[in-house]
1. Among strands (runs of 3 or more DSSP E) lying entirely in region 18-124, which contain 1 or more residues that are in contact with a Phe, Trp or Tyr (Cβ under 9 Å, 6 or more places away or on another chain) and touching a residue at least 40 places away in the same chain (Cβ under 8 Å)?
2. Could you list, in sequence order, the residues of region 148-175 that are in contact (Cβ under 8 Å) with a residue 12 or more places away in the chain, part of a loop (DSSP other than H, G, I, E, B) and either closer than 16 Å to Thr278 by Cβ or aliphatic (A, V, I, L, M) (or both)?
3. Give me the residue from region 219-275 that is of a type in the set (D, E, K, R), surrounded by 17 or more Cβ atoms within 10 Å (Cβ to Cβ) and in contact with a Phe, Trp or Tyr (Cβ under 8 Å, 6 or more places away or on another chain) and, out of that set, nearest to Val111 (Cα to Cα).
4. Tell me which residues, restricted to region 41-80, are aliphatic (A, V, I, L, M) and touching a helix residue (DSSP H, G or I) at 6+ places or on another chain (Cβ under 8 Å).
5. Just a yes or no: is a residue in region 122-129 modelled with pLDDT of 95 or more, in contact with a strand residue (DSSP E or B) (Cβ under 7 Å, 6 or more places away or on another chain), under 30 Å from Ala188 (Cβ atoms) and hydrophobic (A, V, I, L, M, F, W, C)?
6. Restricting the search to region 139-166, which residues are at pLDDT 95 or above and surrounded by fewer than 16 Cβ atoms within 10 Å (Cβ to Cβ)?
7. Here are some conditions: (1) farther than 12 Å from Ile143 by Cα; (2) over 16 Å from the mean Cα position of the chain (by Cα); (3) outside any helix (DSSP H, G or I); (4) touching a residue at least 12 places away in the same chain (Cβ under 8 Å). Pro178 meets all but one. Which one does it not meet?
8. Among the numbered criteria (1) surrounded by 14 or more Cβ atoms within 10 Å (Cβ to Cβ); (2) touching an Asp or Glu at 6+ places or on another chain (Cβ under 7 Å); (3) over 27 Å from Ser231 (Cβ atoms), which single criterion is violated by Gly5?
Amino acid sequence: MIELGNGDATLRLADEFGPRVMAYALAGGANVLGEWPDMKAPTPFGEDWRLRGGHRLWAAPEAPDPTYAPDNGPVEPRRDSPRRVTLVQPVDRAGLRKTLSVALDERGSGVTLVHRITNARSAPVRLAPWALTVMRGGGTALIPQEPHRAHEDAFLPARPMVFWHYTDPADPRIGWGPRFIRFRSDPARPEPTKLGVGNKQGWAAYAVDGLVFVKRFPWRDAAAYPDYGSSCEFYTAGAFLEVETLGPLVTLAPGESAEHAERWGLFPGADPGTDEATAALLAPLLERVGAP
């Protein structure tokens with residue numbers, strides 16, 4: 001494992017598999033990322049894909065090939081500076097090379113992540129970089145609604161909201177509010193549910209055990225996003241919960257790459273419940289994290 005720290009926050013990056021970020025914490029604090037060492041899934045490549053937890057890079061839309069190409073082998077770590085490391089995966093069995101650059105700010109908890117997928121096939125491939133963060137269970141994801149506008153001022157729809165076949169809109173783990181959607185895990189409900197959003201606000205948050213995790217990511221109006229226009233997605237089953245972001249779909253010629261950036265921040269705090277109090281809590285945190 002490789003550790004990055006600045007006295008305010010720490011990260012642990014895997015080098016024996018990945019590329020993965022396995023831990024993110026305030027100095028002396030607990031890991032806000034989830035750890036699932038035993039979860040795995042079969043793949044068409046003759047080797048199981050292992051979840052492990054933490055933060056990873058996939059290729060969307062989801063399909064056995066190329067999404068579940070195993071990342072169980074070592075990566076090449078490149079120390080770009082004392083607080084920045086780039087993890088380079090060898091070309092995987094789906095013919096893609098994944099690279100993750102992680103840079104911790106000089107002070108505070110801010111982190112910049114750049115996800116890069118390169119087409120090492122001999123033919124073009126259409127995909128989107130997909131950044132998935134497994135969170136510590138027991139918390140609530142906070143998803144911004146689009147600002148309210150009166151009917152006479154806005155005739156067109158605000159954004160897509162996407163359900164999967166197994167998504168129940170009445171699931172009590174999904175709370176619908178005027179300013180936020182609250183998406184929470186529940187160990188007593190093992191059945192999965194998932195929600196996708198075309199998130200023009202460019203951020204999502206997760207509150208758990210007195211911590212607020214914030215990630216910011218770009219939105220491009222003219223871009224085509226996977227899964228009916230989803231730029232972020234949320235999945236839970238039991239205590240497991242993921243906060244996911246996606247870049248636009250692109251067609252990569254052999255040798256071409258696609259990138260997707262995120263900014264992270266981690267702060268003391270808790271979801272206060274009401275939309276107004278939540279907005280007041282998050283506004284200064286979003287400003288401190290900054291755009292990617």
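The values are calculated or read from the model by the stated rules, or taken from the named source; none is laboratory data. Everything numeric here is computed off the predicted structure, so don't read it as measured data. Neighbour counts run over all protein chains shown; Cβ positions are idealised from the backbone, glycine included.
1. On the way: elements: 20-26, 35-41, 49-53, 55-60, 76-81, 84-88, 96-104, 111-119.
Result: 20-26, 35-41, 49-53, 55-60, 96-104, 111-119.
2. Passing the criteria: His148, Ala158.
3. If we filter region 219-275 for residues that are of a type in the set (D, E, K, R), which is where we start, we get 220-221, 227, 233, 242, 244, 256, 259, 262-263, 271, 275.
Remaining after also requiring surrounded by 17 or more Cβ atoms within 10 Å (Cβ to Cβ): 227, 233, 242, 244, 262-263, 271.
Add one more test, that the residue is in contact with a Phe, Trp or Tyr (Cβ under 8 Å, 6 or more places away or on another chain), and what stays is 242, 244, 262-263.
Working: Glu242: 18, Glu244: 16, Glu262: 8, Arg263: 6 Å.
Looking at residues that are of a type in the set (D, E, K, R), surrounded by 17 or more Cβ atoms within 10 Å (Cβ to Cβ) and in contact with a Phe, Trp or Tyr (Cβ under 8 Å, 6 or more places away or on another chain), I get Arg263.
4. Filtering region 41-80 down to residues aliphatic (A, V, I, L, M) leaves 41, 51, 57, 59-60, 63, 69, 75.
Hits for region 41-80 are Ala59, Ala60.
5. Looking only at region 122-129, we keep the residues that are modelled with pLDDT of 95 or more, and these are 122-129.
Then drop every residue that is not in contact with a strand residue (DSSP E or B) (Cβ under 7 Å, 6 or more places away or on another chain), which leaves 124-129.
Filter once more, keeping what is under 30 Å from Ala188 (Cβ atoms): none.
Scanning region 122-129, I find no residue that is modelled with pLDDT of 95 or more, in contact with a strand residue (DSSP E or B) (Cβ under 7 Å, 6 or more places away or on another chain), under 30 Å from Ala188 (Cβ atoms) and hydrophobic (A, V, I, L, M, F, W, C), so the answer is no.
6. Listed by number, the residues that qualify are Phe163, Trp164, His165, Tyr166.
7. (1)
8. Among (1) surrounded by 14 or more Cβ atoms within 10 Å (Cβ to Cβ); (2) touching an Asp or Glu at 6+ places or on another chain (Cβ under 7 Å); (3) over 27 Å from Ser231 (Cβ atoms), Gly5 violates only (2).
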